[in-house]
1. Within segment 177-210, which residues are among the hydrophobic types (A, V, I, L, M, F, W, C) and at pLDDT 60 or above?
2. With the checklist (1) touching a residue at least 12 places away in the same chain (Cβ under 8 Å); (2) closer than 23 Å to Tyr149 by Cβ; (3) surrounded by 17 or more Cβ atoms within 10 Å (Cβ to Cβ); (4) of a type outside the set (Gly, Ala, Ser) in hand, flag the one item Cys69 doesn't pass.
3. For Lys152, state whether it is of a type in the set (Lys, Arg), assigned to a helix (DSSP H, G or I), at negative phi and at pLDDT 85 or above.
4. Mind checking which strands (runs of 3 or more DSSP E) fall wholly inside segment 1-80 and carry at least 3 residues that are within 26 Å of Val192 (Cα to Cα)?
5. Among the residues of segment 81-92, write down those that are in a helix (DSSP H, G or I) and not aliphatic (A, V, I, L, M).
6. Keeping to segment 75-124, report how many residues are under 17 Å from Leu186 (Cβ atoms), of a type in the set (Gly, Ala, Ser) and free of Cβ contacts under 8 Å to residues at least 40 places away in the same chain.
7. Check Ser111 against each of (1) surrounded by 18 or more Cβ atoms within 10 Å (Cβ to Cβ); (2) at pLDDT 90 or above; (3) not hydrophobic (A, V, I, L, M, F, W, C) and name the one condition it does not meet.
Amino acid sequence: ELALPETIVCELSLNIIFRFLLCYRAPDYDIEHVNKLNSLLTWATSCPHAFIFLGDFNLPHINWTLNECKTEPIHATFYNAVTNLGLEQLVINNTKLNNCLDLIFCNSLNSIYGIQIKEPFSNSDHNMIDFCLNICPHKNHHHDGIPNYNFKKGNYDLIDNDLSSLDWQFLFTGCNTVEDHYNIFLLEVKRVIKLYVPRTTPKTRKNRLPITIRKLQSKKRSLW
């Protein structure tokens, strides 16, 4: 019932269990596909395990850094779904020309580290995204390569002014439950955090590969 074309759900059992939802959303897919994808996503996130949602979504009109989305129905429906589920989007650089189309979401920042945008694989016209899974949940990788918020440098005067200027009664129109109100409140809190709290990206610590592999990588980059 929840099956979709070019979409896979799988689980990987290591020291902990990871559930993956891998998706390709073609540019011509309509709002019905997005609604079905959101239903599948809601089901997939209901598990108690670490959850990672990734793929090529072809949604160029969402700015994940500024938390901005155009009101076009397909983009807005998808954006609201992942936000309401509390998922964090980790890719901040463009993956095809000037667009960030390939995305990685997770329900815990401790699940992934070492994100790198690399040259395209084979004849693909999208950049490759390389990342590591944290299979030791108690081991701190300091979120290598993942942007962190520097709350010490946040502009709390602007945050206070922004939140105080909102018409909360209007925003809560249509909310029937405490959870509905909380989801709207959370959306606004995330919005002002992304607007007024600067982000820093920790340096990625790379494991040294054998010299033969590094030479081949250099040759590949020069050809690209």
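The values are calculated or read from the model by the stated rules, or taken from the named source; none is laboratory data. On a predicted model such as this, the values are computed, not experimentally measured, just so you know. FYI the Cβ positions are ideal-geometry reconstructions off the backbone, even for glycines, and counts take in every protein chain you see.
1. Residues satisfying the conditions are Val178, Ile184, Phe185, Leu186, Leu187, Val189, Val192, Ile193, Leu195, Val197.
2. Of everything listed in (1) touching a residue at least 12 places away in the same chain (Cβ under 8 Å); (2) closer than 23 Å to Tyr149 by Cβ; (3) surrounded by 17 or more Cβ atoms within 10 Å (Cβ to Cβ); (4) of a type outside the set (Gly, Ala, Ser), Cys69 misses just condition (1).
3. When the stated conditions are applied, Lys152 passes them.
4. Where strands (runs of 3 or more DSSP E) fall fully within segment 1-80 and carry at least 3 residues being within 26 Å of Val192 (Cα to Cα), they are 50-56.
5. Thr83, Asn84
6. 1
7. (2) is the only condition that Ser111 fails.
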